[in-house]
Amino acid sequence: MRGIQLSFSNTQKLRLEKALAQLESLSSKLNSNATVIVADKIPVDEDAALKGHGTLEMGNDVVASVCGVVERVNKLVYVRPLRARYKPEIGDIIVGRVIEVAPKRWRLEINFSQDAVLMLSSMNLPDGIQRRRTAVDELNMRSIFVENDVICAEVRGFQHDGSLHLQARSQKYGKLERGKLLKIPPYLVKRRKQHFHHLDQYGVDLIFGCNGLIWVGEHVDVKDAMVEDQVNKSDPQNTHSSSLPGSSEEPTDTPLERRQYICRIANAITVFSALGFMVNLDSVMETVTLSLCLNLGVHEMLEAEFHVRVAEQEAERRSTSKRRK
């Protein structure tokens, strides 16, 4: 419940404490041998074990130097901290904000100790043609991204100074518009195979950034520029209907109902992260469904009662899941 300022009644406090205690008991039963605190002994095979991060050797024992979960990879034993800063890995999907337009590159703030760099040569051009970047492309960089634009990209590698090198060569990457950017602790977002989600029933796109930045926005159809170019060549009269980035077509306003769904999904993520629960698609959808079943307004989701309801629902879900196993 860190970072949240709510006024709970005595009844709400008791209900919340009961739900959190139930969740803690379920977690301790599942991970009784894995969860450690500082100075706890970690059982290892003295002959073959390799001591990794979060461990110390004291005499003949291996103890934990941080609070977390013991992880074992072959012979390597290390402790994964429960609360930690974002540690980027190659292939991570991240969401960031442009803070500087520099020669041949954009500099992004990505909730990391250092800024990330997106090179002009590491992204698709608006015309979709694969070619060498010229001086004209460099002069037109501000027609693609400017300061404060929100961008989705992928971690390509690390530079010599420790900053990240990004790439956005796929159609699913690029500028994000008509939505809301959320910032939650990065340890609440687990790396998965799929970080892009389209909620068809709401017309909303949801992007979970591994760096703790989450985008909730209006759904945008990903169009292949090469296919459109072939269609336009075959039918010159349809050239005015192209909707590629940088076209002169004026965007239409987002419908009010869709904006309300965007805010509702964003509030569901805010509540779930405030309670310290791992954020994923299933948990977000269950929280949104709960708010709709209770006929709550968008602003009412941020009140104390709904936080208690979400905690009770999560405790019931985990208890039911354990009984099925």
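Give, in nm to one decimal, the length gained when the segment between Asp161 and Ala135 is fully stretched (0.36 nm per residue of separation minus the Cα-Cα distance). Can you show the working numbers first?
Working: separation 26, 0.36 × 26 = 9.36 nm, distance 2.67 nm.
The Asp161-Ala135 span can extend by a further 6.7 nm.
Quick one: which of 274-281, 117-124 comes out on top by average Cβ neighbours within 10 Å, and what's the full order, highest first?
Details: 274-281: 16.6, 117-124: 18.2.
Ranking, from highest mean packing down: 117-124, 274-281.
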Problem - Packing-based ranking, highest mean first, of 160-168, 68-76, 307-315 given that Cβ atoms within 10 Å are counted - result: 307-315, 160-168, 68-76
Problem - FRET efficiency, Asp253 to Asp61 (Cβ-Cβ, R0 45 Å, nearest 0.05) - result: 0.10
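Need the full-extension length gain, Asp221 to Asn280, defined as separation in residues times 0.36 nm minus the C-alpha distance. One decimal, nm. If you can, show how the numbers build up before the last one.
Values: separation 59, 0.36 × 59 = 21.24 nm, distance 2.26 nm.
Going from the current span to full extension adds 19.0 nm.
Read-outs throughout are calculated quantities, based only on the coordinates presented, and are distinct from any laboratory measurement. Quick caveat, the model's predicted, so the values are computed rather than measured. Reconstructed Cβ throughout: ideal geometry from the backbone, glycine too, with neighbour counts over all protein chains shown.
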